[in-house]
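Asks: I have a structure here, written as C-alpha cells, and I will follow up with some questions on it.
The values are calculated or read from the model by the stated rules, or taken from the named source; none is laboratory data. Note that the coordinates shown come from a computational prediction; the quantities given were computed from them, not determined experimentally. Note that each Cβ is placed from the backbone with ideal geometry, even for glycine, and that neighbours are counted across all protein chains shown. Note: areas computed on protein heavy atoms with side chains; ligands, DNA, RNA excluded. Shrake-Rupley method; radii C 1.70, N 1.55, O 1.52, S 1.80 Å.
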Amino acid sequence: MSLQWSLIAGFLYTELVVVVLLLLPGISPSRWQKVFRSRFLKALSNQASVYFTVLLGVLFLFLLDALREMRKYSGDPANTKHESHQHLDAEMQTNMRLFRAQRNFYISGFALFLCFVVKRLATLISIQAQLTAENSAALQQARSATTTARNMMVGKGEESQNTSNEAAAQVKGQLKEKEDLISKLQDDLNKKSKEVKELQSELDKKKKNHDAMISQNEGLSREYDRLADENAKLQKLMESSNKKDD
C-alpha cells in the first residue's frame with residue numbers, strides 16, 4: 001500500500017475509534033460538551049469549516065481516482081480473456097491492480113462517509129447536552145418558585161388572604177409555563193436521542209458491510225496466491241519442456 005493510501009487507511013481507523021468513543025454509554029453528553037469546549041478545540045473551531053471542506057475535497061478526489069482505476073482495470077471482459085490466454089502474468093497483474101483499486105475505493109468511501117457521521121454525532125451530542133442543562137435549570141427554577149410560593153402562603157394571615165391568592169395564582173401560572181417548557185425540552189431530548197439511536201443502527205449496518213467486504217478481499221487475496229502458485233508451476237513445466245527440447 002502506498003503512502004497516501006496508508007494515511008487514508010489510518011485516518012479511517014481513527015474515525016472508527018472516534019465513533020466508538022462517541023457512542024460509549026458511560027460518557028455523558030455533558031462531559032463531551034466540556035471536551036468540545038476545551039481550549040484546543042476552540043482554537044481549531046475558527047477554521048474548522050475550512051479544514052472540513054478541504055478534507056472532504058481530498059477524500060472525494062481519492063475516491064474518484066479509485067473509481068477511475070476500477071473502471072480502467074475492469075475494462076472489456078472479452079479483451080481481458082483474450083489477453084489472459086496469451087499471457088497469464090498480464091492477467092494476474094490486471095487482477096492485482098483491480099483488487100487494489102477496489103480496496104482503495106472502499107477505504108476512501110468509508111472514510112468520506114464517517115466524516116459526516118462523526119460531525120453529525122458531535123452536533124447531536126452537543127445539542128443533547130444543551131437541552132439537558134436547560135432542563136435542569138428549568139427544574140431548579142420551578143422548584144425555587146414553588147418554595148417561594150409556599151413561604152408566601154404560610155407567612156400571610158387572614159387579612160392578606162386575597163393578596164396571597166393572587167400571588168399563588170401568579171406562581172401557578174409561572175409553574176405551568178415552566179412545566180410546558182420542561183415538557184417541550186423533554187420532547188426535544190427524546191427526538192435527539194432517537195436520532196442518535198438511528199445513527200448508531202446505521203453505523204452497525206455499515207460495519208457489517210465493511211466486514212463482509214474485508215472477507216471478500218481476503219478471498220481475492222487467497223485466489224491471487226493460488227493463481228501465483230499455478231503460474232509458478234506452469235513456468236517450471238515450460239522450463240522443463242524447453243530443456244527437453246534442447
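Asks: Round to the nearest 10 and report in Å² the accessible area of Leu139, as given by a 1.4 Å probe over the protein chains' heavy atoms.
Replies: Accessible area of Leu139: about 70 Å².
Asks: Take Gln216 and Gln186, extend 7 Å from each Cα along the Cα→Cβ direction, and tell me the distance between the two endpoints in nm.
Replies: Result: 4.7 nm between the two label points.
Asks: Could you please state how large a percent of the accessible area of the stretch 175-234 is carbon and sulfur, counting protein chains only and using a 1.4 Å probe?
Replies: Numbers: 2180 of 4420 Å².
Percent of accessible area from carbon and sulfur atoms in the stretch 175-234: 49.
Asks: Additional query: Working with all protein chains in place, sort Phe99, Phe116 by solvent-accessible area computed with a 1.4 Å probe, largest first.
Replies: Phe116, Phe99
Asks: Turning to a different aspect of this structure: Report the residues of the stretch 189-204 in range of a label on Leu139: point 7 Å along Cα→C-beta, backbone N strictly under 17 Å from it.
Replies: Zone members listed by number: 189-191, 193.
Asks: So, one more: Can you pick out the pairs among Lys119/Lys205; Lys172/Lys197; Lys172/Lys192; Lys119/Lys192; Lys184/Lys208; Lys72/Lys208 whose Cα atoms lie more than 26 Å from each other?
Replies: Too far apart for the 26 Å limit: Lys172/Lys197; Lys172/Lys192; Lys184/Lys208; Lys72/Lys208.
Asks: Report Ile27's accessible area, 1.4 Å probe, all protein chains in place, as a number in Å² to the nearest 10.
Replies: For Ile27, the solvent-accessible surface is approximately 60 Å².
Asks: Per residue of the stretch 95-112, in order, report the coupling 6.51 cos²θ - 1.76 cosθ + 1.60 (Karplus, θ = phi - 60°) as ³J(HN,Hα) in whole Hz, putting x for Gly and Pro.
Replies: These are the phi-based 3J(HN,Hα) values: 5, 5, 5, 5, 4, 5, 5, 5, 4, 5, 5, 5, 5, 5, x, 5, 4, 5 Hz.
Asks: Using a basic spin-label model with each label point 7 Å from the Cα along Cα→Cβ, how many nm lie between Lys236 and Leu175?
Replies: 9.1 nm
Asks: A follow-up question, please. Could you pull the accessible area for Tyr106 with a 1.4 Å probe, rounded to 10 Å²?
Replies: The accessible area comes out at roughly 60 Å².
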